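This report refers to the structure that appears directly beneath it.
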Amino acid sequence: ETGVTQTPRHLVMGMTNKKSLKCEQHLGHNAMYWYKQSAKKPLELMFVYNFKEQTENNSVPSRFSPECPNSSHLFLHLHTLQPEDSALYLCASTGRASNYGYTFGSGTRLTVV
Amino acid sequence: DQQVKQNSPSLSVQEGRISILNCDYTNSMFDYFLWYKKYPAEGPTFLISISSIKDKNEDGRFTVFLNKSAKHLSLHIVPSQPGDSAVYFCAASAIGDYKLSFGAGTTVTVRA
């Protein structure tokens, strides 16, 4: 357990469904991130939140909608996804005093059918 | 535009031998470099890091070397063990930037 918890671990959804991914950290970190990992590709930064404020949206399609109600929780709301959105979605957090970059969650393996 | 590149997607090494993983970067503003290790069905975990003021950092069996002029870093694992079989990601960040840029990863397989 890294201190960053992601749920669910696996998700299968149809293209017309609406679902949400959840990320929670109690490490006292102020920045939280969503990354997408597709096979054989670099981790792609999707969104950055710093002290609950979104500071970066890396040209992510609007079918992905992030929400950060507080510094400990981060959501990724999904709707009308495409099969090519199937990937591992990783949440990470970091704090000012961290010399270790990010602390990652275990990820949500998403399959869009 | 991929700023961190790991050009070897896979590496196979015999147990007890050295594993050498390479990483190249293009952004001259990067000043902090990290290696992460990832097992299947788990998120990446921090392995070792190096600041741009150093050219070597060692932690047990793991050593990272940084060549700033070549914009190149490498991770040495010696001796390699079966538990080292995983995907290794190289990452970098610039001064004052919370964001990490990642490479595509290198899958290491340690053969018994």
Go through region A:18-113 and name the chymotrypsin sites (Phe, Trp or Tyr not before Pro) that are in a DSSP coil and have 11 or fewer other Cβ atoms within 10 Å of their Cβ. A:Phe51
Measure off 7 Å from each Cα along the Cα-to-Cβ vector at A:Lys41 and A:Glu67, then give the distance between these two points in nanometres to one decimal. 2.6 nm
Under a GNM of chain B (C-alpha, springs under 10 Å), which listed residue has the highest mean-square fluctuation: B:Asp24, B:Asp55, B:Asp84? B:Asp55
What is the spin-label model distance, in nm, from B:Ser52 to B:Asn27 if the labels are put 7 Å beyond Cα along the C-beta direction? 1.1 nm
Cross-link partners of B:Lys54 among lysines (Cα-Cα below 26 Å; sequence separation of 8 or more within a chain): B:Lys5, B:Lys37, B:Lys38, B:Lys68, B:Lys71, B:Lys99
Do any cysteines in the protein assembly as shown lack another Cys Cβ under 4.7 Å, and if so which? A:Cys68
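Readers should treat all values here as calculations from the given coordinates under stated rules, not as data from a laboratory. Keep in mind that this is a model prediction, so the values were computed, not measured. With ideal geometry, Cβ positions are generated from the backbone for all residues, glycine too; neighbour counts draw on all protein chains shown.
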